[in-house]
Amino acid sequence: MALFYEFFAGGGMARAGLGKNWRCVFANDFDQKKAATYRANWGAKELHVGDVAKLTTADLPGVVDLAWASFPCQDLSLAGSGAGLKGDRSGTFWPFWKLMVQLKGEERAPRLAVLENVCGALTSHDGKDFAAIGAALANAGYRFGAVVIDAVDFLPHSRPRLFIIAILGNPEIPETLRSSGPDPKWHSDRLFSAYGKLSQEARKSWIWWTLPQPPKRQKTFADIIENIPKGVTWHTPEETRRLLDMMSAVNLQKVENAKKAGKRMVGGIYKRMRLDEKGRKTQRAEVRFDDVAGCLRTPVGGSSRQSILVVNGDNVRSRLLSPREAARLMGLAEKYKLPEKYNEAYHIAGDGVAVPVVRFLAAHILEPVLAAFTLGAKKVA
């Protein structure tokens, strides 16, 4: 049984993805509403609610195999303030990492650390934020690398995310887990560019982690959409017409094509500010009918909630995505307990990490690395 800490835990989606062979011994989040959802699904025993900057190593029990940190992305995302790691939210990485360094001083450093965030972390401040994280990891004696995994390989949901995987010291890493250079599947151009901006010392600690091809995804967006949803209601015909009136000619043509498809088609809609033909900013509704939902967002800071358009011949209906449908897009089990309020439930989903992506990463990197640690310890003994 592998032990782990879960920082910036949210609703516990990393915990859900790691699965039954992992045991959480400490979880932390600042948000009281997220903490309520965490307790509803995982209990209160391991959860410490409060500012990560106020934690001490005395709060962290024992020695664990993994520290997982899905630290806030708002200051690193394209929609954020651009403050990067100096921002109030994404800057919480630093007090988290200070704890890890202090644990090392106590000879209790986790063998593995995973940092999860938006891909904007690669380009924030022209790569300086990513380089700062790399330097922090290397200075603490961790070798590290990163992969970009899109949830669309596992779920009908476009959600690329950056995963930085760090390993303590210099254990022998199986050749199947690393490659001699970047793999386009897992190492995007932006990641390769960010790697090039690491310090020379940090690049010495770099690992090109590799992963197998994921299994073919089985479900489409339409598969998870309910005819009788809970927590939302279908729009009136007038409301649907207003949504269609917000579409450009290109997006209206997508709707017409969906009508001719000969089957029930489900499209995801986001409202975005665009320039019209006169260069004026106007709100547009943009739809996609590629069997994939757009990336879920948290409904705060001006971000729109995702709506859906269900087209079956000439019958066109619209509504908001339901909380349970949002949870399915993240790979959460049907038994996962969601908040009763719509925005809170949507926030839990939109602010989380896709469950099957965590499981994939655990199965193909984290667990084999821990097995290598164990094998190495036996050889030394």
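Of the residues making up region 4-40, those that are surrounded by fewer than 18 Cβ atoms within 10 Å (Cβ to Cβ) and either touching a Gly at 6+ places or on another chain (Cβ under 7 Å) or assigned by TED's automatic domain parsing to the domain that holds residue 346 (or both) number 2. The residues of region 180-200 that are within 18 Å of residue 211 (Cβ to Cβ) and either at pLDDT below 95 or assigned to a loop (DSSP other than H, G, I, E, B) (or both), listed by number, are 180, 181, 182, 183, 184, 185, 186, 187, 188. Could you tell me whether residue 149 is of a type in the set (Val, Ile, Thr), in the same structural domain as residue 69 (by TED's automatic domain parsing) and touching a Pro at 6+ places or on another chain (Cβ under 9 Å)? For residue 149, the condition - of a type in the set (Val, Ile, Thr), in the same structural domain as residue 69 (by TED's automatic domain parsing) and touching a Pro at 6+ places or on another chain (Cβ under 9 Å) - is met.
The values are calculated or read from the model by the stated rules, or taken from the named source; none is laboratory data. All values derive from a computational prediction rather than experimental measurement. FYI the Cβ positions are ideal-geometry reconstructions off the backbone, even for glycines, and counts take in every protein chain you see.
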